[in-house]
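First up is the structure itself, then whatever we jot down about it.
The values are calculated or read from the model by the stated rules, or taken from the named source; none is laboratory data. Quantities reported herein were computed from a predicted structural model and do not represent experimental measurements. We place every Cβ from the backbone using ideal geometry, glycine too, and count neighbours over all the protein chains shown.
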Amino acid sequence: MTKTYTVTAVDTTGIQNYIFGSNRLQENIGASELVRLATGQWALEEVQGVAKDQNNVDDAETGKLKDAFAIDQTTGDAAEVIYTGGGNVVVIFSGLSLAKQFTRALTSRVLRDAPGLSLVVAHSKLDWNEVDLDPEQSLSHVVTDLLNNKLAARKASRLPSMPLLGVGVTASCDSTGLPATKKQKESEDAEEFLTVSTAVAAKLDFAENANKRLEEEFEEELGGANGQRNWYQFPFKIDSLGRVSGEESYVAVVHADGNRMGDIIKRIADDHRTSAQNRQYINAQRAFSRQVNEGSKLALRHLVQRLTKHITWQRRKDELKEVVAARIPMEGTFLPFRPLVFGGDDVTFVCNGLVGVTLAIEYLSAFEQEMKRRKAESKYVEGLCASAGIAIVKMHYPFSRAYKLSEELAKEAKRFVWKEFGEDQDASAFDWHIATSGLSGSLRAIRQREFINPDDEKWVGAKMEKVPTLLMRPLLLGKDAERLDGRTWVEQIGKAVKAFQEDKKWTTRRNKVKDLREKLREGRDAVREFCKDFAIPDLPEIVRGDVTHQQTGWFGMRSTHFDAIELADYYLPLTELDDKPQEGQAR
């Protein structure tokens, strides 16, 4: 027996600019919350609205679905959500008219409550057969075609909206420059009013909801369980991420993304190619999405736990202050860390620049462990890892540019994993960039300009992978084994950073170490001569068994020590409290 349904896929477009287009953290927070609502709670509520009596939504607010519900066992108006996550919603409707009702309801709500956010929707017909007739009518094939082809075509052909730019007497929005529609405070405790557009006003309106949801999500980690008020809070201003007195303040934007997610989704589809496997496909896809979502949230919980564990009291300028990792003074009860996008494999958070690399490494390690732990729930998460990009920039650097840089860095880390292992293995990797001034051009252009010698005619026009470079990054997390080229963190580059930070033979030569970093630009001979002239000892070992790199700072086509020297000033490890004397443990 054949039943005909309509499969509907919803996606967002221009999400990066929508969330990260402002330098005000409150707007970023509100925008992220609106994206989550549009492709999560609101979508599920509209499914309940059009298929009132027959749907699989158990709790729209939490995203919980009824696994026992099966649309192929129903008659009349019905809807079954396959999954929500990663900014996507995929739903099976009993017919096209019901799918269009859902589309009208959801897009109307987004236009009304989240102005400026754009949705793209595509529909496909599905003939659900209990026997295998046409492979192209299996649910897995229809969903894959919807996501990879029809939605992509809709995005490419969509005409961008052209906002009315106003007239001479129109006030401009303080954030976007578009016509302002109202005056509004950035937060309840703000003293000044901002002149804002409709889109910015909506973001600010939902920022408080986002703060409340986030603090409820991490209530136990923030010290507020059992009905108690949270001891700690997530900041909603960049300035609340902590400033170290006497030092220029930096923030880190960290973007982490699951590796090979597209390949895994394709593998789930390939394993369930026939119509007879439609129900197994739904269960597999739903279980995979759920486990990745829960695993990434628990990895973020781990970060909050680590930070709160390393808060102590210190006396600073005759005042007792709470300090993170013995160095970052807290602004009131605000942690120097704030998740912006989470729920799924795609995670973005902002934190104090000193713990950017630290928290990225902690997140990757925790996510990897969570996926190993969850393989019994979904075989498709086994071995799944993630890659991260860390953009460390000055505190009020344009946020959209910092996010774009972190995204580019995460892609570089992913390329490194793919180049090293292909389809045979996955691994956690990360890359970073420290912008002490402005940025011009793409990441590749910046690295061509700043980290190789552009005046050496021998390398002009060559691909970056084939020229001498000062960088070892991207790096593998490398918890299990060292590499012959030294490009892992745990046992190689990380150890060198620690040596430059803690070993007296380097801490007493800080100026010479900084000079050495510049000598690395000149090549092996210059480093060897510099070390000889100033009686500098062998550099920390990175490549096991190779003495030459300890004397020259180079191994093959890469400088082994440039990254470690640079990072020594921007890496603050979360060492155990027993490792160093503290004045007193916090709260």
For this session: Would you check which residues across the range 41-69 are closer than 18 Å to ARG112 by Cβ and touching a residue at least 60 places away in the same chain (Cβ under 8 Å) and list them?
Result: TRP42, ALA43, GLU46
Exercise. Without any contact (Cβ under 8 Å) to a residue 12 or more places away in the chain and surrounded by fewer than 22 Cβ atoms within 10 Å (Cβ to Cβ), is that true of LYS419?
Worked result: yes
Exercise. Do the conditions hold for LEU300, that is, is it within 26 Å of ALA386 (Cα to Cα) and under 17 Å from the mean Cα position of the chain (by Cα)?
Worked result: yes
Problem set entry | Matching option when the condition is out of contact with any Cys (no Cβ under 6 Å at 6 or more places or on another chain) and either at pLDDT 95 or above or surrounded by 20 or more Cβ atoms within 10 Å (Cβ to Cβ) (or both), among GLU61, GLU45 | GLU45
Exercise. Restricting attention to the range 542-561, and to residues there that are touching a helix residue (DSSP H, G or I) at 6+ places or on another chain (Cβ under 6 Å) and assigned to a loop (DSSP other than H, G, I, E, B), which single residue is surrounded by the fewest Cβ atoms within 10 Å (Cβ to Cβ)?
Worked result: VAL543
Seminar exercise, completed: Scanning the range 442-491 for residues that are assigned by TED's automatic domain parsing to the domain that holds HIS549 and at positive phi, the one modelled with the highest pLDDT turns out to be GLY486
Problem set entry | Condition broken by LYS519, with the remaining ones in (1) among the basic types (Lys, Arg); (2) out of contact with any Asp or Glu (no Cβ under 7 Å at 6 or more places or on another chain); (3) not in a helix (DSSP H, G or I) satisfied | (3)
Problem set entry | Within the range 56-109, strands (runs of 3 or more DSSP E) holding 1 or more residues that are outside the structural domain of ILE265 (by TED's automatic domain parsing) and hydroxyl-bearing (Ser, Thr, Tyr) | 79-85
Problem set entry | Residue list for the range 192-220, filter: among the polar types (S, T, N, Q), over 18 Å from GLU61 (Cα atoms) and in a helix (DSSP H, G or I) | THR198
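So that you can scan it fast, the table gives a plain yes or no per residue for (1) in contact with a strand residue (DSSP E or B) (Cβ under 6 Å, 6 or more places away or on another chain); (2) modelled with pLDDT under 90:
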| position | (1), (2) |
| --- | --- |
| PHE218 | no, no |
| GLY223 | no, yes |
| ASN230 | no, yes |
| LYS237 | no, yes |
| TYR250 | yes, no |
| HIS255 | yes, no |
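Yes or no, residue by residue, for (1) exposed (fewer than 13 other Cβ atoms within 10 Å of the Cβ); (2) within 23 Å of ARG36 (Cβ to Cβ); (3) in the same structural domain as LYS266 (by TED's automatic domain parsing); (4) at pLDDT below 75:
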| site | (1), (2), (3), (4) |
| --- | --- |
| LEU126 | no, no, no, no |
| ASP134 | yes, no, no, yes |
| VAL142 | no, no, no, no |
| LEU146 | no, yes, no, no |
| ASN149 | yes, no, no, no |
| ALA152 | no, yes, no, no |
| LEU164 | yes, no, no, yes |
| THR198 | no, yes, no, no |
| ALA201 | no, yes, no, no |
Exercise. Taking the condition surrounded by fewer than 21 Cβ atoms within 10 Å (Cβ to Cβ) and under 23 Å from the mean Cα position of the chain (by Cα), does GLY76 pass?
Worked result: no
Problem set entry | Evaluation of VAL253 against (1) closer than 30 Å to LEU477 by Cα; (2) out of contact with any Leu (no Cβ under 9 Å at 6 or more places or on another chain) (one fails), failing number | (2)
